[in-house]
1. Is it the case, given these coordinates, that A:Val400 is at pLDDT 95 or above, among the aliphatic types (A, V, I, L, M) and assigned by TED's automatic domain parsing to the domain that holds A:Ser338?
2. Take B:Thr104 and tell me if it is facing another protein chain (nearest Cβ under 10 Å) and among the hydroxyl-bearing types (Ser, Thr, Tyr).
3. Among the listed residues A:Leu62, A:Leu74, identify the single one that is among the aliphatic types (A, V, I, L, M), over 26 Å from A:Ser406 (Cα atoms) and in contact with a His (Cβ under 6 Å, 6 or more places away or on another chain).
4. For B:Asp85, indicate whether it is within 13 Å of chain A (Cβ to nearest Cβ), touching a residue at least 12 places away in the same chain (Cβ under 8 Å) and under 13 Å from B:Leu276 (Cα atoms).
5. Looking at B:Gln382, is it surrounded by fewer than 17 Cβ atoms within 10 Å (Cβ to Cβ), assigned to a helix (DSSP H, G or I) and touching a helix residue (DSSP H, G or I) at 6+ places or on another chain (Cβ under 8 Å)?
6. Out of B:Asp322, B:Asp345, report the one residue that is at pLDDT 95 or above and of a type in the set (Asp, Glu).
7. From the set of residues in the range A:448-496 that are basic (Lys, Arg) and under 21 Å from the mean Cα position of the chain (by Cα), which is farthest from A:Ile182 (Cα to Cα)?
8. Taking only the range A:315-341 into account, find how many residues are exposed (fewer than 15 other Cβ atoms within 10 Å of the Cβ) and among the hydroxyl-bearing types (Ser, Thr, Tyr).
There are 2 protein chains.
Amino acid sequence: MYEEYVQLLQKAADINNAAAVLGWDQETYMPPKGAAFRGRQLATLASLSHELVTSPRMSELLAQLRTDKGLDELQKANVLRSNEDHDKNSKLPPAFVEELSLLTSECFNAWIEARRQNDFGIFAPSLTKMVALKRRQAELYGYKAHPYDALVDEYEPGANVAMLDRLFDGIKQQLPPILATIKAAPQVNDDLFYRHYPRQQQWDFSVAVLKTMGYDMEAGRQDISEHPFSTSFAPTDVRVTTRVDEHNYASLLWSTIHEGGHALYEQGLPEEQYGLPLGAAASLGIHESQSRLWENCVGRSEAFWQYFYPQLQAVFPQQLADVTATDLYKACNKVEPSLIRTEADEVTYHFHVLIRYEIEKQLIEGTLQVADLPAAWNEAYQKYLGITPPDHKTGVLQDVHWSHGSFGYFPTYTLGSFYAAQFYIKAQEAIPTLLTDIAAGKTSDLLAWLRTNIHRHGRRYYSDELCELVTGKRLDPTYFLNYIKQKYTGIYGVRF
Amino acid sequence: MYEEYVQLLQKAADINNAAAVLGWDQETYMPPKGAAFRGRQLATLASLSHELVTSPRMSELLAQLRTDKGLDELQKANVLRSNEDHDKNSKLPPAFVEELSLLTSECFNAWIEARRQNDFGIFAPSLTKMVALKRRQAELYGYKAHPYDALVDEYEPGANVAMLDRLFDGIKQQLPPILATIKAAPQVNDDLFYRHYPRQQQWDFSVAVLKTMGYDMEAGRQDISEHPFSTSFAPTDVRVTTRVDEHNYASLLWSTIHEGGHALYEQGLPEEQYGLPLGAAASLGIHESQSRLWENCVGRSEAFWQYFYPQLQAVFPQQLADVTATDLYKACNKVEPSLIRTEADEVTYHFHVLIRYEIEKQLIEGTLQVADLPAAWNEAYQKYLGITPPDHKTGVLQDVHWSHGSFGYFPTYTLGSFYAAQFYIKAQEAIPTLLTDIAAGKTSDLLAWLRTNIHRHGRRYYSDELCELVTGKRLDPTYFLNYIKQKYTGIYGVRF
């Protein structure tokens, strides 16, 4: 019976992974006129997969396996997670799922058009409907304390408002004085990133970085897309994308390392658990911890550039003639309040997330109306970052998430950074030579440690359980704050 | 009810087209380790699509629609073809379909390995099983005169041994004297193709050719693969692939034009018939007629090079310094018996097909055993082309088709050339300025004529009905023979 359950789930995984290939192609190579039929092909695959996992047969199997005494530990863990998924899925009536799917298309198109015309009014009517639908979804799922709990749980099982409030309260108290201290110090110059870096050399260097990280190019590849992303079709085929701007080297470099971190996680999931919960990532927060650990803790470290800077300078001798390794290290850690979340530094980034978290909570509890959203947005940016967007495109319309109905997603970005810092401290304890290894271009022990401690478990543990298992402690923002303080003390010559 | 039938078929089409995307990726971008999971993803999609089109609901719908008086002509045509497909599909028990699918994988892998080791013995056991299975398939389908009829009908509905024997008897009588005459004349030199042509310039020129042909680059794209092919995910997304050999310009050029011809057909199928028989190509023979018409009748014509030669020479001034347009025209029509079918000229090509046709017929009727196949192969090559393969890789193991179980496929290549010649004569009658148009780089009227007369019909007509509708006559090899004689009279200065 377990075997049949596995077969059904793997069949659904085949369909979902096929859809992922279609999605990857859509963002990388699909010609423009292919969009309409691609949309219906993706919709068909989604409904087929949904039919399978919510089929009466799957319900029967899960009900029986729930009490099956003959399963081993891993099998039990799969069945447990599948039952959780199934319970959650079955709370949404098919009519609701269809309504949400249709509204998502409408809302996404409205967002695209609103961005194009820089006009929030175009987005507002669909977004209003979306907020109403997500509020209904929270009621359907059910919750104990706050409707937002039901939504965030989809992305980060076990997370809730009580826990996130604590986390973000800490940020609100601790980060502003850090930011103020940095702003008062002599500023870092990052002009070097905006010189002319020819496309092909940028590309080749980024591939070299991916390989050094341990990304298996026989089980993946890098392509160009408008927005960088990573996607997996199996642990043996995990792809990353990036973009190249000849006058902004930072654009390619950090997205390569970031997506590479995500991809290493997917390549490290156990093949033999293909299609099963234990073959999937633990949560979005843990996923983001992997990308941020590589991007920030490793990629923006002095050790990393000790190894890579001579190589980079050899590729771009003219552009970097007047630049030292330390200049580069400082430049890639420049702190400065800015409008765009995805381009923010490691400190101000969390204000971006905080702002979205506070707004989302209010929208879902009904204390903020969509009509008042742009004003609330601008006010929050002034309050936390001291800047005001000149338009909606660089303000409230910048992120796609709300148009997808992804309320509860943003907090996982901050969770990811915090988990990353906590994991990274632990990794340094476990691998005493880690920093000198990285300075010598050797990250294999780090990757092996991540594989053993995080990747191979799949969804076996909730994020906070996993964190405790790996680090001996539940998530504790102190690790992140200490990491930040230590890093910027060196860079800005300040004391916190 | 017709609506429900359409929905079911379009859902199956979505799945098949998704599988086509996965197949395209497999041949173009997939990293090597992705192969195993990709295999199972494709198998899952294939079985899902098969379940849909053979579902009890589909049988009911087709049975009722068969006698529905309320359908219009196009709807009737769809229902007729779907019933034919359904009758054929239902003759194969699921166990047989599964056995064939499993054997196909085994046989394909054996063929790959046999080729690698240049050892027919590695392929023979699987191929023996395959021939036995195809003989059983012919029995399951049923036939009137010859078991091969049942198999060829899958690729070319309506074709059969009686008709093909007539066709190939004509070839056996008419082509040898033509070939002998050409061989006796002073030979054409095609060295110019084998100079050094840098990759990027080759590529850019091939894209320019595709655009001139009318291939819509907004609804398609060209990529690199080991074996050139074209594939369609919808009429709005039809892709071609090619390969680049810097020391064999012919390799890229002809495959681009050939696959471009296939792709123009797919781009010309009616969008509103997506997923239905009238939205699909008429047959493999008609499909091949489109690729050969563009590759041979247009692409290897004097008019074509009148337009393109100055452009080509501008791109490759050094390589072509001593070459005239006439040299190039002659070079690309050089006739010479050779071992590899896919590289053969327009005359000797049909001996390659004839040899496979004769062998297939004997294998399927049981008068030739797989063990005797290599000897039969070499004997036939000596008999018809006067050459003997030095090894099996360039002999009996060169083509993939038999490993796929595709017996009855090869004749469609010759049918395609013959249809192409007959269509092309008709197109010249309909567009009196066609040759001067082509010489001026204008092929839009030709494409419009193909769209109106062939593409837009989809599978409405059988190939021979379509041929009669378009040209006023059933397929008549005289058109091809006259085309060949006229062409080579000019090139070799001979009389036939």
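1. Details: at pLDDT 95 or above: no; among the aliphatic types (A, V, I, L, M): yes; assigned by TED's automatic domain parsing to the domain that holds A:Ser338: yes.
Answer is no for this residue.
2. Details: facing another protein chain (nearest Cβ under 10 Å): no; among the hydroxyl-bearing types (Ser, Thr, Tyr): yes.
Taking the combined requirement at face value, the residue does not satisfy it.
3. Details: A:Leu74 fails: in contact with a His (Cβ under 6 Å, 6 or more places away or on another chain).
The conditions single out A:Leu62.
4. Values: within 13 Å of chain A (Cβ to nearest Cβ): no; touching a residue at least 12 places away in the same chain (Cβ under 8 Å): yes; under 13 Å from B:Leu276 (Cα atoms): yes.
Considered against the rule, which asks whether it is within 13 Å of chain A (Cβ to nearest Cβ), touching a residue at least 12 places away in the same chain (Cβ under 8 Å) and under 13 Å from B:Leu276 (Cα atoms), B:Asp85 comes out as no.
5. Values: surrounded by fewer than 17 Cβ atoms within 10 Å (Cβ to Cβ): yes; assigned to a helix (DSSP H, G or I): yes; touching a helix residue (DSSP H, G or I) at 6+ places or on another chain (Cβ under 8 Å): no.
It is false that B:Gln382 is surrounded by fewer than 17 Cβ atoms within 10 Å (Cβ to Cβ), assigned to a helix (DSSP H, G or I) and touching a helix residue (DSSP H, G or I) at 6+ places or on another chain (Cβ under 8 Å).
6. On the way: B:Asp322 fails: at pLDDT 95 or above.
Within the list B:Asp322, B:Asp345, the selection yields B:Asp345.
7. Within the range A:448-496, the first condition is being basic (Lys, Arg), and the residues that meet it are A:451, A:456, A:459-460, A:473-474, A:485, A:487, A:495.
Those still in the list that are under 21 Å from the mean Cα position of the chain (by Cα) too: A:451, A:456, A:459-460, A:474.
Values: A:Arg451: 36, A:Arg456: 39, A:Arg459: 39, A:Arg460: 41, A:Arg474: 29 Å.
Going through the qualifying residues, I end up with A:Arg460.
8. First, the residues of the range A:315-341 that are exposed (fewer than 15 other Cβ atoms within 10 Å of the Cβ): A:317-318, A:321-322, A:324, A:326, A:340.
After this cut, where a residue has to be among the hydroxyl-bearing types (Ser, Thr, Tyr) as well, the list is A:324, A:326.
Total satisfying the criteria: 2.
The values are calculated or read from the model by the stated rules, or taken from the named source; none is laboratory data. Being a predicted model, the structure only gives us computed values, none of them experimental. Every residue, glycine among them, receives a Cβ derived from its backbone with ideal geometry; neighbour counts consider all protein chains shown.
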